[in-house]
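Read the figures in this text as sums done on the coordinates, not as results from a lab. Predicted model, so just to flag it, every value in this text is computed and none were measured. Virtual Cβ from ideal backbone geometry, glycine too; neighbours counted across all protein chains shown.
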């Protein structure tokens, strides 16, 4: 079983839809959670960073963490064609291994 | 502001040839530096990380090595490339000297390597 599971998609939605992207994880030591957006043939770009359960909002993006269920989500409101990309969740523990553990990414397509 | 550079952007190399990929960071001092590899349709796999000049930690045994000759320079190398070394190589940096898990990592544009 992978430490972080993420549906690869593709997820296709019409412009203006609310998008929900999710990851589940098995390592209860994970305390810090990130969402990255990666356009084709580009490096990942940090979108959201959170370390506590609950919601964090930034513009059209909301990150949600439920540590009791080991489940994180990214919501995109009023989705735009420019949001079409692969979204990667990443997480790490407070101590120990410095590397981020990534999900495999969900490919999102927003249709105009 | 901080900027991270990688080159080359794309590289096609024959099997058995050497490799040198370079990463440099601007606008910060003593960063933590990372090399990741991303296979098609898969997540990122950490290859090496460095907390300072000459300090390299390897995550997985492989055909690659890393060096950090200067504070903001990180190099990924191989003496003889294998077909399985093909992939998208990403360099990342985070603020050095922070305790615990506060290190948000920022990625460079990547190098696409194709070994034939």
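For a footprinting-style exposure proxy, rank A:73, B:94, A:40, B:77 by other Cβ within 10 Å, fewest first.
Values: A:73 16, B:94 19, A:40 8, B:77 13.
In order of increasing Cβ crowding within 10 Å: A:40, B:77, A:73, B:94.
log₁₀ I(q)/I(0) of chain A at q = 0.19, 0.22, 0.24 Å⁻¹, via Debye over equal Cα point scatterers, no solvent, to two decimals? One equal scatterer on each Cα of chain A leads to -0.95, -1.24, -1.43. State the Kirkwood hydrodynamic radius of region B:31-81 in Å, one decimal place, computed from all pairs of distinct Cα atoms. Final number for the Kirkwood radius of region B:31-81 is 11.5 Å. Computed over Cα pairs, the Kirkwood radius of chain B leads via Stokes-Einstein (0.890 mPa s, 25 °C) to a diffusion coefficient of 172 µm² per second. In plain terms, the residue of B:116, A:88, B:64, A:11 with the fewest other Cβ atoms within 10 Å comes first and the most crowded comes last, giving B:116, A:11, B:64, A:88.
Tell me, Kirkwood radius of region A:39-86 from alpha-carbon pair distances, in Å? List each step's numbers first, then the result.
On the way: mean 1/r = 0.0826 Å⁻¹.
By the Kirkwood definition, the hydrodynamic radius is 12.1 Å.
Extension gain for residue B:65-residue B:114 works out to 15.9 nm (0.36 nm per residue, less the C-alpha to C-alpha distance).
Put simply, the convex hull of the Cα atoms in the protein assembly as shown casts, on average, a shadow of 12.6 nm².
Look at where the Cα atoms of region A:1-33 and of region A:67-94 average out, and the two centres are 6 Å apart.
If R0 equals 25 Å, the separation of the Cβ atoms of residue B:22 and residue B:42 corresponds to a calculated FRET efficiency of about 0.55.
Take each residue of peptide B:44-51, count the partner chain Cβ atoms within 10 Å of its Cβ, and average: the result is 3.
Per-residue mean of foreign Cβ neighbours for A:37-46 is 5 (Cβ atoms of other chains, 10 Å radius).
Take the Kirkwood radius over Cα pairs of region A:1-62, plug it into Stokes-Einstein at 4 °C and 1.567 mPa s, and you get 94 µm²/s for translational diffusion.
Per residue of peptide A:101-109, the mean number of Cβ atoms on other chains within 10 Å of the residue Cβ is 3.
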